[in-house]
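Notes follow the structure.
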C-alpha cells in the first residue's frame, strides 16, 4: 500500500483493492456495470478527460447533482473506481475515504431528494492534502512521525467544504511536512505525474495536483508556503491558486511556516477553482491571522475580460525560466494584449533575493512549528531511558532528511549570535520585497510570470541536490513573501511535451481581477498532445476565446 | 495610554506614605556589615480569568488531571491560538496599578523542549511587552522599580514518579496539561531590593495589589504566585553589581526569605574566601534549606525568540484602556493613606509606628473599607482599627456577617463605657459567629441587662467584702476565680454573665497593676 504505515486498520484500504465492490453491493442499478463503463458515460463523452471518465468539471457535477440529473453517489462511485484502477500506480493518495465519501454523497442525495439546497459544491469529489486535519481520519503530513495520527477535529476549510456539499474523497500525498518541490520527500514514497509516470508531479502538494489531473477528484485543496500549490499545478497541467495571506483560515492546517502558509484550490479550470475558493474563503475566528472581512466574490467577474487591464511581465522571473517556459509566458502576454490588456515588461530586482530570504525565514518558523513532535503526546514514540533521549530518538527516526535539514537551517538562523545576520536581515528583505511589489502594483493591475522555471522533471533527478530543488520555487516564492495571491494556469507545453503553467500575480485582496485574467488565459491557451496521456491536457472550451482543437 | 498621570499622583502619595509611616524603610544590612545584597524579583502571577490565554478551556485550579484541555492548549498539529481579551484587560490593570506605561505589544515564541510544554515553545512577550517602567510603593515607604509586566502562557505540570531503589528505567513522569495555557503576567522588578525582609514585603505588597486589581486570587499555595529571585552581593559602597544567581522554586513568602538569606550568605562566603560567584540558575530545596546549582550560564538555553506568527500585535485603544482602568478600585498604597488620614495622619503628622502597622494590616486584610465606613458613621477611629486587626482579623472568614452599621454601634458601645473592652470583644465574637445587633447580643449575654457600671459595682462589692480572696486572686491564684464569680452571681441573682465577671475582675486586676494604662484606655 502506498500509504505505508499511515493509519492502522482503516477499512478504506480494502475498498481500494476492490473498486467495484461498493457499486455492486449497495446500488442494484449499477450491479451489472463494470467500473469505468458506467451507463451515463456516453452522454458525457464530450467532457472526457485524460482518464477517459465522465464528470470532468466541478461546476458541471454540482449543477447535475443539484438538479437531480445524476446522483452524488454515482459521481463518487465513478471517482472511486478511477482511483482504484490507477492510484496503485500513481500514489496520489495516502488515504482514500471510500466509506466516508459514499456516506457524504448519500447525504447530499437525500438533501436533493427532499428539495433542500445541497450547497454550491453538491456532490463534487474533493481531495485534501494530508496536512489538513480530518476528524478521525489519519492526517500524516506524509511523515513517519505522524503516521496513524487521527485528529480529533476538522480543519476549518474541511468543515467549509462539507458545508458546501463537497464530498471529501481522500487525503493526498505530499512532500513531508510540505518541505519539497517534487513530492519525493514523502515518507510513504513519491507520487507519479499522471501525464508521465517517470516524472514528478511537483510539490509539495503533488498528490492533490495529480489527483485532479488524473480525474480522481474534481477539486483538491493544497497548501502553498513557497509555491506548493502553483508549482505542482503547473507540472500536472491543472489550475492552482494561492489566496491572499489571511483570506483562508489556517485552523487545522498543520503548520510548516505560519507566516507563509495558505490553503488554496486545485481544479481543472479556473472557474472551478473559483468555486472552491469561494467555499473556503472568509474570516474564521479560530485563526487570529484570518482577515476580518468578507471573502471577495470572484465568480461574478470571471467573464469580464481583460480590456484595459494593465499587465506587467516580470522580467527577472521570466529570465529565471527555461527557454520553452519563457516563450509560453510571452505568448500568454501576447494573448492578453490581443484581448485588450495593456501589457508591459516590469523589472523587480528585489525578486532575486526572494529565495535566500525564504530559505531563512520559512525554516526558522518550521524549526519552531515542528518542535511539538517530541513523542510525548501523539504520533511516533521511540522509547528511551529519559524523556530527552526519547524525544531525540523519536525525532531522529520520525523525520526525513529534508525536514531535518530545514529544522537545522531554521534553528541556526534564530540562534543567539546569528539572529541579526540571518533571520532579522531576511525579515528586512521580506519587507523590501513587499515594498517592491507595492511599487509595481501602482503601475500594474496584475503581473505575469512563469510558475515553475521548468516543466516537470524526472523522478530522482534533483532529490540529492537540495539547491537545485529549491530553485524550482524561484518564481512562486515572491508572492508568499509578500502575502499576495497568485495562481497558475496551464498554458501550452514545453519542448518535452509536458504542460507549462503561467502565473498570474495580483496585489493583496485582488483575487477577482486575478481570476478574470486567468479565465482569459485558460480560454486562449494553446493545446497540444501531452506525453503519456490519451487526451488533451487542457481541454479547449468551444466557443470561448481562441480555443484550438485537440 | 500612559500611566504618567497616575504615576505622578502616586509619587506625591508615595512621599506621604513615607511620612505617615512614621518609620524608615526596613533595615537591610543587619548581620552583614560591609556587604550589601542586591535583589530583583520575577513574580509569575496566574490571572483569574474564566478561560485560558489562547483557548476556551476552563482556567481552574484543582480539576482532575487533563480534563481542561483542547487541541489548542495541547498544541495539537494544526491548532492555532486566539488571544483572550480578558487576560489583556487584567494585564493592563496590573500595569496601571504598578504605574507602568501600557504599550502596543507583540508575542514571541520562546523555544525549548520540555515534556510539560505542549508546543515545545512558550508564547510569551519578549522585547515589546504590554507594560513597561513602573514602580511599587512598599508600606515602609520604599519604592521598588518595575522593569516590565508581560503576558505569557503557563506550562503544564509534571509529577515525577518512581524512586526507592529502582533503576532509572523504572521511573516515569506524569504530565497534567490543565495548567498549560493558563494566562500569566510576569512582573520583573528592578534590582532595588536589599534584604530578605524587603523581598518579603515586596511580594506581600505586590500580592495585595494583584488581588486589589482583580487580576489574581493571590494563592501562593496553589501556585497562583510564583517567585524567582535574582540575587547578588557586593561590598557596601560599590557601584558595580556583583555576579547574580537566579534562584527558582520559591513557593511561599517563607521560602523566599529563607532562600534569599541562604543565597546572600553563600555568596558572601564565596567572596570573602576570595572566590568568584558563578552566574547560574539555582534551585531552592525546601527540605535541605539550601540552594543548589541547576545550570550554569554556559548551559543556559538559547531560546531562539522570534515573533509569534500565529498572533497579531495587541494594540489596545485608548477607550479600551480607560474603560479597563475605570473599573479598578484603589490600590493598597492609596488605601493605607486614606485610613491613616482617618486616624489623624497627614500634613507632616506621622502616625505612631504601632498604629501604622495596624493600618498596614487592615489594608492587607481588606478590612480598611469596613473601618473607614464605621468611622464615617461615628466610630472612634483607633478603637475601630484595633478591633478590626485583632478580633475581626482572627475570624476573617466571617467578616461578611458584619455590617459597618453594627460594627460602629459596637465600637460606640465600648467607647461610651456601656461595654467593657472584654465585653465588647465577646459581643463582637458573637456578631462574627452568627451576625446580629450588638445591643441585642449584649442583652442576651446579660451585659446590657446589667449595665456595665452595675456589674462593676457588684464586683467591687464582692471584692471589698472578700479582701482575702481578692488578695489571692491578685497574687495569681486561679482557683479563687470561680469563688469570686460565684459570689457576684449570688449578689446579682444570676443576672451577671460569667465571662463578663471574669473580664471585670481581670480589668480591675490590670488597673491595680498598671493604673496609667487604664486611664488611657477609658
Report task. Given the conditions (1) surrounded by fewer than 22 Cβ atoms within 10 Å (Cβ to Cβ); (2) within 21 Å of residue B:142 (Cα to Cα), report the number of the one that residue B:396 does not fulfil. Result -> (2)
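Residue by residue, here is whether (1) at pLDDT 90 or above; (2) closer than 30 Å to residue B:266 by Cβ holds:
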position	(1), (2)
B:8	no, no
B:11	no, no
B:21	no, no
B:38	yes, yes
B:73	yes, no
B:76	yes, no
B:87	yes, no
B:94	yes, no
Query raised in the report: Taking only pairs six or more apart or across chains, which ones have beta-carbon atoms under 7 Å, a first residue in the stretch A:360-373 that is facing another protein chain (nearest Cβ under 7 Å) and part of a loop (DSSP other than H, G, I, E, B), and a second residue that is surrounded by fewer than 24 Cβ atoms within 10 Å (Cβ to Cβ) and modelled with pLDDT of 95 or more?
Result: none
Query - Tally of residues being within 14 Å of chain A (Cβ to nearest Cβ) and either within 24 Å of the chain's Cα centre (by Cα) or part of a loop (DSSP other than H, G, I, E, B) (or both) across the stretch B:88-110 - result: 3
Requested in this report: Considering each of A:186, A:208 in turn, give the residue that is at pLDDT 95 or above, more than 14 Å from every other protein chain (Cβ to nearest Cβ), assigned to a loop (DSSP other than H, G, I, E, B) and touching a helix residue (DSSP H, G or I) at 6+ places or on another chain (Cβ under 8 Å).
Outcome: A:186
Query raised in the report: residue B:300: under 30 Å from residue B:79 (Cα atoms) and modelled with pLDDT under 90, yes or no?
Result: yes
Query raised in the report: Just for the stretch B:307-322: of the residues that are free of Cβ contacts under 8 Å to residues at least 24 places away in the same chain and within 13 Å of chain A (Cβ to nearest Cβ), which one is surrounded by the most Cβ atoms within 10 Å (Cβ to Cβ)?
Result: B:309
**Report entry** Residue within the stretch A:157-164 that is modelled with pLDDT of 95 or more, under 26 Å from residue A:275 (Cα atoms), in contact with a strand residue (DSSP E or B) (Cβ under 8 Å, 6 or more places away or on another chain) and more than 13 Å from chain B (Cβ to nearest Cβ) present
**Finding:** yes
Report task. Output yes when any residue across the stretch A:440-459 is in contact with a helix residue (DSSP H, G or I) (Cβ under 7 Å, 6 or more places away or on another chain) and part of a helix (DSSP H, G or I), and no when none is. Result -> no
Query raised in the report: Taking the stretch A:379-412 as the region of interest, how many residues are assigned to a loop (DSSP other than H, G, I, E, B) and either more than 9 Å from chain B (Cβ to nearest Cβ) or touching a helix residue (DSSP H, G or I) at 6+ places or on another chain (Cβ under 7 Å) (or both)?
Result: 9
Query raised in the report: residue B:310: modelled with pLDDT of 95 or more and out of contact with any strand residue (DSSP E or B) (no Cβ under 7 Å at 6 or more places or on another chain), yes or no?
Result: yes
Query raised in the report: Looking at the stretch B:205-239, which of the residues that are assigned to a helix (DSSP H, G or I) and surrounded by fewer than 17 Cβ atoms within 10 Å (Cβ to Cβ) is modelled with the highest pLDDT?
Result: B:222
Requested in this report: Using the structure shown, decide if residue A:224 is away from chain B (no Cβ under 14 Å) and either farther than 25 Å from residue A:492 by Cα or more than 16 Å from the chain's Cα centre (by Cα) (or both).
Outcome: no
Query raised in the report: Out of all the residues in the stretch A:333-353, which are part of a helix (DSSP H, G or I) and in contact with a helix residue (DSSP H, G or I) (Cβ under 7 Å, 6 or more places away or on another chain)?
Result: A:335, A:336, A:349, A:350, A:351, A:352, A:353
Query raised in the report: Could you list, in sequence order, the residues of the stretch A:413-424 that are farther than 12 Å from residue A:359 by Cα and within 13 Å of chain B (Cβ to nearest Cβ)?
Result: A:414, A:415, A:416, A:417, A:418, A:419, A:420, A:424
Report summary line: A careful count of residues in the stretch A:132-155 that are farther than 14 Å from residue B:71 by Cα, outside any helix (DSSP H, G or I) and more than 8 Å from every other protein chain (Cβ to nearest Cβ) gives 7
Query raised in the report: When you go through A:298, A:325 one by one, which is the residue that is modelled with pLDDT under 95 and crowded, with 17+ Cβ neighbours inside 10 Å?
Result: A:298
Report task. Scan the stretch A:445-475 residue by residue and report those that are crowded, with 22+ Cβ neighbours inside 10 Å and closer than 30 Å to residue A:307 by Cβ. Result -> A:446, A:447, A:448, A:449, A:450, A:451, A:452, A:475
Query raised in the report: Only one of B:304, B:336 is surrounded by 21 or more Cβ atoms within 10 Å (Cβ to Cβ), over 23 Å from residue B:431 (Cβ atoms) and either without any contact (Cβ under 8 Å) to a residue 60 or more places away in the chain or within 14 Å of chain A (Cβ to nearest Cβ) (or both); which?
Result: B:304
Query raised in the report: Limited to the stretch B:111-132, what total is found for residues that are out of contact with any helix residue (DSSP H, G or I) (no Cβ under 8 Å at 6 or more places or on another chain) and either without any contact (Cβ under 8 Å) to a residue 12 or more places away in the chain or within 10 Å of another protein chain (Cβ to nearest Cβ) (or both)?
Result: 3
Query raised in the report: Which condition number in (1) assigned to a loop (DSSP other than H, G, I, E, B); (2) surrounded by 24 or more Cβ atoms within 10 Å (Cβ to Cβ); (3) more than 11 Å from chain B (Cβ to nearest Cβ) is the one that residue A:293 fails?
Result: (2)
Query raised in the report: Which one is surrounded by the most Cβ atoms within 10 Å (Cβ to Cβ) among residues in the stretch A:302-322 that are at pLDDT below 95 and under 25 Å from the mean Cα position of the chain (by Cα)?
Result: A:302
Query raised in the report: Taking the stretch A:370-389 as the search range and keeping residues that are out of contact with any strand residue (DSSP E or B) (no Cβ under 9 Å at 6 or more places or on another chain) and crowded, with 19+ Cβ neighbours inside 10 Å, which one is nearest to residue A:447 (Cα to Cα)?
Result: A:370
**Report entry** Yes/no for residue A:260 being more than 26 Å from residue A:74 (Cβ to Cβ), within 14 Å of another protein chain (Cβ to nearest Cβ) and either in a loop (DSSP other than H, G, I, E, B) or at pLDDT below 95 (or both)
**Finding:** yes
Requested in this report: Collect the residues in the stretch B:267-281 that are closer than 12 Å to residue B:231 by Cβ and either exposed (fewer than 11 other Cβ atoms within 10 Å of the Cβ) or in contact with a strand residue (DSSP E or B) (Cβ under 6 Å, 6 or more places away or on another chain) (or both), keeping them in residue-number order.
Outcome: B:267, B:268, B:280, B:281
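The values are calculated or read from the model by the stated rules, or taken from the named source; none is laboratory data. Quick caveat: nothing in here was measured; it's all calculated off a predicted structure. FYI the Cβ positions are ideal-geometry reconstructions off the backbone, even for glycines, and counts take in every protein chain you see.
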